[in-house]
Amino acid sequence: MKANMQGLTLGRLATRNAREQPDQAAIIERVAGRREITFEEFDRRTTRLANAFGDLGLEPGDRVAMYLRN
């Protein structure tokens with residue numbers, strides 16, 4: 001059965017996974033070794049980012065573009 005992903009934002013996904021499997025790896029980085037970020041840490045980081053956007057005056061539903069190096 002497919003999970004219902006409609007309306008599931010990055011923040012909601014992070015929170016759900018942090019609640020269901022906090023110690024599982026959400027991100028595995030393999031640059032200069034191996035580093036894992038758990039779902040719990042990912043949730044903390046996405047919440048912090050969302051709060052920073054709110055401090056800048058952005059509201060839910062506003063669009064944000066990010067330009068990052070590979």
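The values are calculated or read from the model by the stated rules, or taken from the named source; none is laboratory data. Keep in mind that this is a model prediction, so the values were computed, not measured. No Cβ is skipped: glycine too gets one built from the backbone with ideal geometry, and neighbour counts run over all protein chains shown. Ligands, DNA and RNA are excluded from the accessible area calculation, which covers all protein heavy atoms including side chains. Shrake-Rupley method; radii C 1.70, N 1.55, O 1.52, S 1.80 Å.
Annotations for the structure displayed:
- Some residue of segment 29-44 being among the hydrophobic types (A, V, I, L, M, F, W, C) and over 12 Å from the mean Cα position of the chain (by Cα): yes
- The C-beta contact set for segment 48-63 (first residue farther than 12 Å from THR9 by Cβ, second residue open to solvent by 60 Å² or more (accessible area, probe 1.4 Å), distance under 8 angstrom, 6+ apart or interchain) comprises PHE53/ASP62; PHE53/VAL64; LEU58/VAL64.
- Residue in segment 28-47 that is in contact with a Gly (Cβ under 6 Å, 6 or more places away or on another chain) and part of a helix (DSSP H, G or I) present: yes
- A search for C-beta distances below 6 Å between a residue of segment 31-47 that is touching a residue at least 12 places away in the same chain (Cβ under 8 Å) and within 23 Å of LEU8 (Cα to Cα) and any residue that is open to solvent by 80 Å² or more (accessible area, probe 1.4 Å) and in a loop (DSSP other than H, G, I, E, B), counting only pairs 6+ apart in sequence or on different chains, returns THR38/ASP23; PHE39/GLN24.
- The condition (being part of a loop (DSSP other than H, G, I, E, B), surrounded by 11 or more Cβ atoms within 10 Å (Cβ to Cβ) and of a type outside the set (A, V, I, L, M, F, W, C)) is satisfied by just one residue among PRO22, PRO60: PRO22.
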